[in-house]
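Student: I'd like to ask some things about the structure below.
The values are calculated or read from the model by the stated rules, or taken from the named source; none is laboratory data. In this text the structure is predicted, and so the values were computed from the model without any measurement. Please note: Cβ atoms are built from the backbone with ideal geometry, for glycine as well, and neighbour counts cover all protein chains shown.
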Amino acid sequence: MKLNLKVWRQKNNKDEGRYEAHTVEATGDMSFLEMMDVLNEQLISEKKEPVAFEHDCREGICGSCNMVINGKPHGPQQGTTTCQLHMRHFNDGDSIAIEPFRSAAFPVIKDLVVDRSAFDHIIQAGGYISVNTGQAPDGNAIPIEKDLAGQSFDAATCIGCGACVAACPNGSAMLFTSAKVAHLGLLPQGKVEHTKRVKNMVDTMDKEGFGMCSNIGACEVECPKEISIENIAMMNRSYLASVFGGRE
Amino acid sequence: MSNITLNSNEPKGGLTNKWTDYRGSMNLVAPNNKRNLEVIIVGTGLAGASAASTLAELGYKVKAFTFHDSPRRAHSIAAQGGINAAKNYQNDGDSTFRLFYDTIKGGDYRSRESNVHRLAEVSTNIIDQCVAQGVPFAREYGGLLANRSFGGVQVSRTFYARGQTGQQLLIGAYQGLSRQISNGQVEMYNRHEMLDLVLVDGKARGIITRNLVTGKIDRHAAHCVVLATGGYGNVFYLSTNAMGCNVSAGWRSVKKGALMANPCFTQIHPTCIPVSGHYQSKLTLMSESLRNDGRVWVPKTKADAEAIQRGEKKGVDIAEADRDYYLERRYPAFGNLVPRDVASRAAKIACDEGKGVSPTGLAVFLDFADAIQRYGKAEAISKGIDNPDIVKLGEAIVKAKYGNLFQMYEKITGEDPYKNPMKIYPAVHYTMGGIWVDYNLETNVPGLFALGEANFSDHGANRLGASALMQGLADGYFVLPYTIGTFLSKEIRTPKISTDSPEFATAERDVTDRLLKLKSINGTQSVESFHRRLGQIVWEYCGMSRTAEGLKTGRQKIRDLRDEFYKDVFIPGDLEDYNPELEKATRVADFLELGELMMVDALDRNESCGGHFREEYSTDEGEAKRDDENYAYVSAWEWDDNQPILHKEELKFENVELKTRSYK
Amino acid sequence: MLSIHSILRGIIFYNNMNWIINFLTSSIGKKLVMSLTGLFLITFLPVHLLGNLLLLKGDGGEAFNTYAYFMTNNPLIKFTSYGLYFFILLHAVQGVLLAWQNKKSKGKKSLVNTYTNKTWASNNMALLGILIFAFLCIHMGDFWFKMKFTNRIDIIDSYAGYEGVGIKDLYSRVSLAFKQLWIVLVYLIGLAAMAFHLLHGFASAFQTLGINHKKYTPIIKLLGIGYSILIPLGFAIIPVIMFFK
């Protein structure tokens, strides 16, 4: 199949950026990134600079790949990362617009590559359980209800790709932050520093320049791991509890 | 350089007390000295992140480096199945010794007893640590941890978090690391790639990195350097490794005098989604657990296979009598659950006979029809349903067990695995070989340590399922933080290492020159095209089965390819810019040398063991023939462009009896 | 920037009460203000509607006018109404500020703008809010302002029980206004905007408060839909019926 691409090119963060048109021959069994590989081989053979994009595991778990495809983060297929999206979902002659994940908190590094270190900063603010190596009691010392462990796991499947931020018209990172808050806060071992964690993570999230949540729910629709905005409600609740119930 | 003597530095004493006694008597570094000692850790996957956070907790000053944009992206994240630990929570007779024995035997008796026993000992601590960190392991209804069983063992000792155990463990380690970053104990360098190791007075004292965003070349110094840089499976181009996985940090260290051990020991995983076209960039693993219920087969006749290859027939069209369930036929005792190396070779043999079932002829069926029937009937009986729709009931059970894997298969291939048998083919998955290390995980270069998949130490010639995660975390959480003291306790009087020394200047200049040289070739072929060709050569001559003849040919072909690379590679973009093509070029350049060493190693090892199968050394039935008399050693190679030099570490087995592995 | 932040900083002396400011300027704090003021306005609407339905009683406006008199003269209700005005303003100002800040956080927008959103309304709350606010200005200017600050409304002394009190004949003013087609249309547009605003706002207010539950959220959502349709519809029938009367 022949595809007409409009690809975002931007030399660096200071550059304005623009769309560049290309045509690519693809087959249905290719993944979206393999189609991009074909485009890049084409560009290299013309001695031009290939399109910079991030990718690594190519099996939907590392969270590196980040393209907005025809206006949707990770493209049209739900619950799927860009690398797991296959070209059989497109038709011969289709036009495809490819852009980076957009948000003021994710400055563009080059072309489709953005800087997502703001996510790291949010985790550093409290997205952990403070336990040093060697201090742990026996793994079975605290029984945890199976369903609760499952809920915690569901939140913990977040791959930190940033699709939620890209999907949100406000560029909000509430789904990402709340997924971590829920993952740890639902477990008994994470409850100990839950209040403090929520406060610090939300404050850092605000500082990093993410927008506010207006409960649109686009994030949960576009999340490749289908993480629920129930987690956001939980974080709201916990934040209120930490402000009004805490001593600080 | 060649008068290296390999000393494993194993402590004296009985196997079971070795580690405890050693820990109790080794030299320690006092807290006031720890704050003055700096450690560089390259790679922040399971091994690197766990080591970085633990060393930081102890008070060392840590600088951690990753080429990713965040430590959370390391490829440890992709491990599906689980992590082993000798907890014996299931009361099924597991013990530290049994885990030790299974690992030694599974590795076909090519690993060091003392290291493996220590691994088995600390395995239980890992589970405790991870639970405390908030890793949401699977649980039973009573709230206690659940286990499942994995290939090659008779107990249930695998802990798991659905099909995403690696992800959950890595996130746990990443969070621990993040905590130390926010405490200021770890200085984190994201998007920095190590391009050289710096030795000062023969000790590893620093690294040269390239900032992958700006292209800036930097010097970093510390009292010692730890490599936790993963495996080199990407030398095959097509593998289940992530696109960025590479050998460069390790290889640069080899070029500075470290030794590469057993490089030809690569694990080929039998259940991967087959290659679908020439554009293919990577292969996707389907968890080994599928072989618990799936039956592997190919058509009995070539005619049927060819009809399938042409698309005229489908798997379901082949009558039961015309199918060859070759694993069940050849290995009645273990059937579809033979270890990975055996299953992979059998698939290759079937396809070599022309019985492959994909358009390329390189795939076999993994069929769940029987499992669906079996589960469907059982469900109908247990629920007392009259006139049951067996297939529907059975599919529901299979979905509950393997739903996410089936979904992934459908996403990638566009075929419904409930209706048509899955197609699978072996693919490179893990490399048991790696940098040679002693009992302290220290290489032969003083002050240079290697952890996780980057070292060679624990898996011998074949790794058992769910053991990679165990080893990465054992090394990072519970081994290195102690053993690093054996080196650092002698360095407490060494002041902060300066980056102004001539050694650093030379190393930096070498890196800059190397990059300039690559860029100035300005040829016509892309880096990717060289990598693809290298992969084909290594796969063909040093893949699932090897011959002396082939290995010689392969070696020559790689050397020719390397010459061509340095004459005709084209790297677009600038050196001082975000430039993925340049990154790839430096990595492929190193793979081009490593690939040759793999051929040399495989040619030296005149036996078949684990993942290394030499056709000349097989029984009449085509099974592997090990030679314990002559090859019970670790091959540790010193790099030399003309002829790499072999150093042998003889392996002593005092606690297990060497047996032929038989799965018949 | 003049914001709640700077105003409050002026009011609250540094009595170790910084946490209030910190909270109100945090993203979740700001949202909480929206949620609580929104919920307050949601409780006000049915009360207002019930009173207004008196317009349709067919008694020449007696019931409505006495109700209006009561509402404007009872001290408790007067006090509450000032609270109401304040909350409307707070909700509106805060809403506009948030929309502006969110736009800044998003940065450059996609050219192919197909952000997934579950409802059109959720993505256009600020626009709807501005429409509603404009409508409120017209509404208040037409009735409330004229009643309170001008003499353009007749006085009636003759209602039983209110002899000599001097009740303003707001009813006549309203029925006069609702004979004009354009005013009726303005009301219908304003109420439609309110319906859509509520369609998202009702359930959203609960989510912000942290109330999201597998069992109860569907009920809240259903209530929200019912409310957002019925209340504006109730308001809308008044001008329509009075227009055709």
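Student: Condition check: at negative phi and either of a type in the set (S, T, N, Q) or surrounded by 12 or more Cβ atoms within 10 Å (Cβ to Cβ) (or both). Does C:Phe133 satisfy that?
Tutor: Yes, satisfied.
Student: Let me ask something else. Is at least one residue of region C:111-120 over 30 Å from A:Asn13 (Cα atoms) and either in contact with a helix residue (DSSP H, G or I) (Cβ under 7 Å, 6 or more places away or on another chain) or at the interface with chain A (Cβ under 9 Å from one of its Cβ atoms) (or both)?
Tutor: Among the residues of region C:111-120, at least one is over 30 Å from A:Asn13 (Cα atoms) and either in contact with a helix residue (DSSP H, G or I) (Cβ under 7 Å, 6 or more places away or on another chain) or at the interface with chain A (Cβ under 9 Å from one of its Cβ atoms) (or both), which makes the answer yes.
Student: Within region B:162-173, identify whether any single residue is more than 9 Å from chain A (Cβ to nearest Cβ), touching a residue at least 60 places away in the same chain (Cβ under 8 Å), farther than 30 Å from B:Asn190 by Cα and within 18 Å of the chain's Cα centre (by Cα), and answer yes or no.
Tutor: For region B:162-173, residues more than 9 Å from chain A (Cβ to nearest Cβ), touching a residue at least 60 places away in the same chain (Cβ under 8 Å), farther than 30 Å from B:Asn190 by Cα and within 18 Å of the chain's Cα centre (by Cα): absent.
Student: Would you pick out the residues in region A:191-230 that are among the polar types (S, T, N, Q) and touching a Cys at 6+ places or on another chain (Cβ under 9 Å)?
Tutor: A:Ser214
Student: Spot the failing condition for A:Gly63; the list is (1) within 24 Å of B:Met243 (Cα to Cα); (2) at the interface with another protein chain (Cβ under 9 Å from one of its Cβ atoms); (3) in contact with a Pro (Cβ under 8 Å, 6 or more places away or on another chain), and only one is missed.
Tutor: Just one mismatch for A:Gly63, condition (3).
Student: If you don't mind, another one. Looking only at helices (runs of 4 or more DSSP H) that fall completely inside region A:169-231, which ones have 3 or more residues that are over 23 Å from A:Lys72 (Cα atoms) and within 13 Å of chain C (Cβ to nearest Cβ)?
Tutor: Hits in region A:169-231: A:174-185, A:194-207.
Student: Answer yes or no: is there a residue in region B:154-164 that is surrounded by fewer than 23 Cβ atoms within 10 Å (Cβ to Cβ), of a type outside the set (S, T, N, Q) and within 30 Å of B:Glu654 (Cβ to Cβ).
Tutor: yes
Student: Counting only residues that are in contact with a Leu (Cβ under 7 Å, 6 or more places away or on another chain) and within 13 Å of A:Thr80 (Cα to Cα), which one in region A:49-65 is surrounded by the most Cβ atoms within 10 Å (Cβ to Cβ)?
Tutor: Looking at the filtered set, the residue picked out is A:Cys65.
Student: Inside region A:76-103, can you point out the residues that are in a loop (DSSP other than H, G, I, E, B) and surrounded by fewer than 17 Cβ atoms within 10 Å (Cβ to Cβ)?
Tutor: Residues satisfying the conditions are A:Pro76, A:Gln78, A:Gly79, A:Asn91, A:Asp92, A:Gly93, A:Asp94.
Student: For region A:192-217, which residues satisfy the criterion of being touching a strand residue (DSSP E or B) at 6+ places or on another chain (Cβ under 9 Å) and under 19 Å from A:Gly160 (Cα atoms)?
Tutor: A:Met205, A:Phe210, A:Gly211, A:Met212, A:Cys213 - these are the residues of region A:192-217 that are touching a strand residue (DSSP E or B) at 6+ places or on another chain (Cβ under 9 Å) and under 19 Å from A:Gly160 (Cα atoms).
Student: Is it the case that region A:80-89 has a residue that's farther than 17 Å from A:Val113 by Cβ and touching a His at 6+ places or on another chain (Cβ under 7 Å)?
Tutor: For region A:80-89, residues farther than 17 Å from A:Val113 by Cβ and touching a His at 6+ places or on another chain (Cβ under 7 Å): present.
Student: Scan region B:387-408 and report the pairs whose first residue is polar (S, T, N, Q) and whose second residue is surrounded by 15 or more Cβ atoms within 10 Å (Cβ to Cβ), with Cβ atoms within less than 6 Å and a gap of 6+ or a chain change.
Tutor: Once the first residue is polar (S, T, N, Q) and sits in region B:387-408, its partners that are surrounded by 15 or more Cβ atoms within 10 Å (Cβ to Cβ) give B:Asn404/B:Gly163.
Residue-by-condition table, conditions (1) basic (Lys, Arg); (2) in the same structural domain as A:Glu20 (by TED's automatic domain parsing); (3) farther than 21 Å from A:Glu193 by Cβ:
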site	(1), (2), (3)
A:Asp92	no, yes, yes
A:Asp111	no, no, yes
A:Ile122	no, no, no
A:Gln135	no, no, no
A:Ile142	no, no, no
A:Glu145	no, no, no
A:Phe153	no, no, no
A:Ala163	no, no, yes
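Student: Among the residues in region A:6-14, are any more than 10 Å from every other protein chain (Cβ to nearest Cβ) and in a helix (DSSP H, G or I)?
Tutor: No: region A:6-14 contains no residue that is more than 10 Å from every other protein chain (Cβ to nearest Cβ) and in a helix (DSSP H, G or I).
Student: Right, next: Identify, from the list B:Ser123, B:Ser111, B:Ser182, the residue that is free of Cβ contacts under 8 Å to residues at least 24 places away in the same chain, of a type in the set (S, T, N, Q) and closer than 28 Å to B:Leu227 by Cα.
Tutor: Result: B:Ser182 is the single residue among B:Ser123, B:Ser111, B:Ser182 that is free of Cβ contacts under 8 Å to residues at least 24 places away in the same chain, of a type in the set (S, T, N, Q) and closer than 28 Å to B:Leu227 by Cα.
Student: Could you go through region A:82-103 and let me know if any residue there is without any contact (Cβ under 8 Å) to a residue 24 or more places away in the chain and either more than 23 Å from A:Cys219 (Cα to Cα) or more than 7 Å from chain B (Cβ to nearest Cβ) (or both).
Tutor: Yes, region A:82-103 contains a residue that is without any contact (Cβ under 8 Å) to a residue 24 or more places away in the chain and either more than 23 Å from A:Cys219 (Cα to Cα) or more than 7 Å from chain B (Cβ to nearest Cβ) (or both).
Student: Separate question: Across region B:138-158, what is the total count of residues that are within 8 Å of chain A (Cβ to nearest Cβ), touching a Phe, Trp or Tyr at 6+ places or on another chain (Cβ under 7 Å) and modelled with pLDDT under 95?
Tutor: Adding up the residues that qualify gives 1.
Student: Just checking, how many residues over region A:15-33 are outside any loop (DSSP other than H, G, I, E, B) and charged (D, E, K, R)?
Tutor: The qualifying residues number 3.
Student: While we're here: Among A:Glu145, A:Glu208, A:Glu226, A:Glu220, which is the only one that is of a type in the set (Asp, Glu), surrounded by fewer than 23 Cβ atoms within 10 Å (Cβ to Cβ), over 30 Å from C:Trp100 (Cβ atoms) and in contact (Cβ under 8 Å) with a residue 24 or more places away in the chain?
Tutor: A:Glu226
Student: Take A:Asp138 and tell me if it is among the charged types (D, E, K, R) and assigned to a loop (DSSP other than H, G, I, E, B).
Tutor: Here the answer is yes, as A:Asp138 does meet what is asked.
Student: Continuing with the same structure: When you go through B:Val364, B:Val342 one by one, which is the residue that is of a type in the set (Val, Ile, Thr) and modelled with pLDDT of 95 or more?
Tutor: The conditions single out B:Val364.
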